[in-house]
Amino acid sequence: MLKRFWLGGLLLVLGIGCAAPATQKDLMANGKPVPEAVAKSFHSTFPSAQVEKLEAEDENGVMVYDFEFRDGSHEKECDIAADGTLLERTLVIGEGDVPAAAMNAIRQAADGATLKRIEQVEINYETKDGKVVKLPSQVTHYEVDMNKGTRKAEVVVTPDGTVVEPAKWQ
């Protein structure tokens, strides 16, 4: 009886250890492990995420880690500063998930182009002069990739249809 109890306890401990989220060393950006604060922030916010791409770059004097991942059936992205601050999160959505005013502005900017990837971006912090700065309130943008023949562009609009970044065709 004591052996079964001990063996069951051991299996429980091993099972919990296997279910734990990946460690900081499991997340690599540009060939290096991400800082522990970044890994903790990512895993606590998206515990079931499967990272598909991870890059790091300096943004206005702050090292920012750009995650592209799947969270269940959803395609998502997020930016996390080296100190662990979740700067922004992105969800890939469909046209039906975009407010009407924003969709009207997107269609006008597209001018007949085919709409591709549509993202809803929620921004809580920005980087400025080497610091992470909290915004007064969350900002939501809709970013849309579009194609017109061989030319490509992206437009960024607010929920009310204000164009933040106009389409620049390449």
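The values are calculated or read from the model by the stated rules, or taken from the named source; none is laboratory data. Since the model is a prediction, treat every value here as computed from it, not as a measurement. Here the Cβ positions follow ideal geometry from the backbone for every residue, glycine too, while neighbour counts run over all protein chains shown.
Per the conditions (1) at pLDDT 75 or above; (2) over 26 Å from residue 134 (Cα atoms); (3) of a type in the set (A, V, I, L, M, F, W, C), the sole criterion not satisfied by residue 7 is (1). Scanning region 45-66 for residues that are out of contact with any Asp or Glu (no Cβ under 7 Å at 6 or more places or on another chain), in a strand (DSSP E or B) and β-branched (Val, Ile, Thr) yields 51, 62.
Residue-wise test of (1) polar (S, T, N, Q); (2) in contact with a strand residue (DSSP E or B) (Cβ under 7 Å, 6 or more places away or on another chain); (3) closer than 25 Å to residue 164 by Cβ.
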| residue | (1), (2), (3) |
| --- | --- |
| 48 | yes, yes, no |
| 59 | no, yes, yes |
| 62 | no, yes, yes |
| 65 | no, yes, yes |
| 69 | no, yes, yes |
| 82 | no, yes, no |
| 101 | no, no, yes |
| 113 | no, yes, yes |
| 123 | no, yes, yes |
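Cβ-Cβ distances below 9 Å connect no pair with a first residue in region 12-40 that is over 18 Å from residue 69 (Cβ atoms) and among the polar types (S, T, N, Q), a second residue that is modelled with pLDDT under 85 and exposed (fewer than 12 other Cβ atoms within 10 Å of the Cβ), and a separation of six or more residues or different chains.
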